[in-house]
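Below is one structure, written out as structure tokens; the observations come after it.
Read-outs: derived from the displayed coordinates by stated rules, not from any lab. In this text, all values refer to a predicted model and were calculated from it rather than measured experimentally. Please note: Cβ atoms are built from the backbone with ideal geometry, for glycine as well, and neighbour counts cover all protein chains shown.
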Amino acid sequence: MFKHDVFYRVRYADTDQMRFMYYGNYARLYEIGRVESLRTLGCHYAELEKAGIWMPVLDLQSRYMKPAFYDDELRIETRILSIPTTRLFFEYEISRAGGEVIHQAKTTLVFLSSEKGRPCRAPDRLQAALSPFFSV
């Protein structure tokens with residue numbers, strides 16, 4: 001399993017009238033987790049796009065347990081549970097400083113050829129970067 005953490009402080013603009021972080025902003029936190037975890041593997045979104053590979057979200061499951069509030073420091077833990085083929089499965093756990101889990105989610109992304117508009121295999125470079133985390 002591959003796991004990566006990134007931290008995010010809730011900004012005033014992230015909150016709603018009830019002072020909770022607005023529910024739609026959690027999807028942005030998943031993207032932050034995905035982009036930064038892939039970056040640590042040497043696979044940058046911009047480079048994948050230049051190589052003709054898009055990665056649209058195919059599925060999103062989200063579970064709100066407790067709200068985040070203005071100025072909370074959040075830890076976004078992003079996990080990849082298997083080496084991707086044509087799809088890449090992410091799991092997320094968002095917690096406040098101190099470890100209190102407030103949110104869990106899963107996303108499925110598909111590798112898509114920008115030229116053909118059809119699913120394609122995950123880049124060899126990404127599979128190679130992930131393989132040490134799945135070796136027995």
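Mind jotting down a quarter of the surface of the convex hull over the alpha carbons of region 2-133, in square nanometres, one decimal?
Values: hull surface 33.1 nm².
About 8.3 nm², averaged over all directions.
Out of Gly99, Gly52, Gly33, any idea which swings most in a Gaussian network model of the chain, alpha carbons joined below 10 Å?
Most flexible of the set in this elastic network: Gly99.
What length, rounded to one decimal in nm, is gained on full extension from Asp71 through to Glu36, with 0.36 nm per residue of separation minus their alpha-carbon distance?
Details: separation 35, 0.36 × 35 = 12.60 nm, distance 2.12 nm.
Computed gain between Asp71 and Glu36 is 10.5 nm.
How far is it, in nm, from the label point at Ala51 to the one at Thr108 when both lie 7 Å from their Cα along the line to the Cβ?
Output for this residue pair reads 2.3 nm.
For region 8-24, in order, what is each residue's ³J(HN,Hα) by Karplus, 6.51 cos²θ - 1.76 cosθ + 1.60 with θ = phi - 60°, in whole Hz (x at glycine and Pro)?
With the stated coefficients, region 8-24 comes to 9, 9, 5, 8, 4, 5, 7, 9, 9, 4, 8, 6, 8, 5, 4, 4, x Hz.
Between 0 and 90 degrees, rounded to the nearest ten: what's the tilt of helix 26-40 against the longest Cα principal axis of the chain?
For 26-40 against the chain, the angle is about 50 degrees.
Okay, which of region 62-77 sit inside 20 Å, backbone N to the point 7 Å along the Cα-Cβ direction of Tyr23?
It comes to 62-70, nothing else.
So what is the relative contact order of the chain, in percent, for Cα pairs below 8 Å that sit 6 or more residues apart? Don't jump to the answer; show the numbers that get you there.
Values: 258 pairs, mean separation 40.6, N = 136.
Computed over the chain, the figure is 30 percent.
List the lysines whose Cα lies under 28 Å from the Cα of Lys116, skipping any in the same chain that are fewer than 8 positions away.
The qualifying lysines are Lys50, Lys106.
What ranking of Thr107, Thr85 emerges when the number of other C-beta atoms within 10 Å of each C-beta is taken as an exposure proxy, fewest first?
Details: Thr107 21, Thr85 11.
By the 10 Å Cβ count, ascending, the order reads Thr85, Thr107.
List residues of region 56-70, by number, whose backbone nitrogen lies under 16 Å from a label position 7 Å along Cα→C-beta of Tyr12.
Only 69-70 fall inside the zone, counting backbone N under 16 Å.
Sum up the charges of everything whose Cβ sits under 14 Å from the Cβ of Lys3, counting Lys and Arg as +1 and Asp and Glu as -1, but leave Lys3 out. If you can, show how the numbers build up before the last one.
On the way: positive: Arg34, Arg75, Arg79; negative: Asp5, Glu36, Glu77, Glu91, Glu93.
So the surrounding residues net to -2.
Summing -39500 (n - 2.57) over the DSSP H runs of n ≥ 4 in the chain and dividing by its residue number, what mean residue ellipticity at 222 nm do you reach, to the nearest 500 deg cm²/dmol?
Working: 3 runs with 28 residues, N = 136.
Mean residue ellipticity at 222 nm (helix-derived): -6000 deg cm²/dmol.
Long-range amide H contacts for Val57: which residues qualify at under 5 Å (H placed 1.01 Å from N, peptide plane, sequence gap of 5 or more or a different chain)?
none
Hey, for a label at Leu60 modelled as a point 7 Å past Cα toward Cβ, could you say which residues of region 6-39 have their backbone N under 15 Å away?
22-35
What's the longest bit of the chain with no exposed GluC sites (Glu not before Pro), using DSSP loop states and at most 13 other Cβ atoms within 10 Å as the test? Before the final figure, lay out each step's value.
Numbers: sites that count: Glu100, Glu115.
It works out to 1-99.
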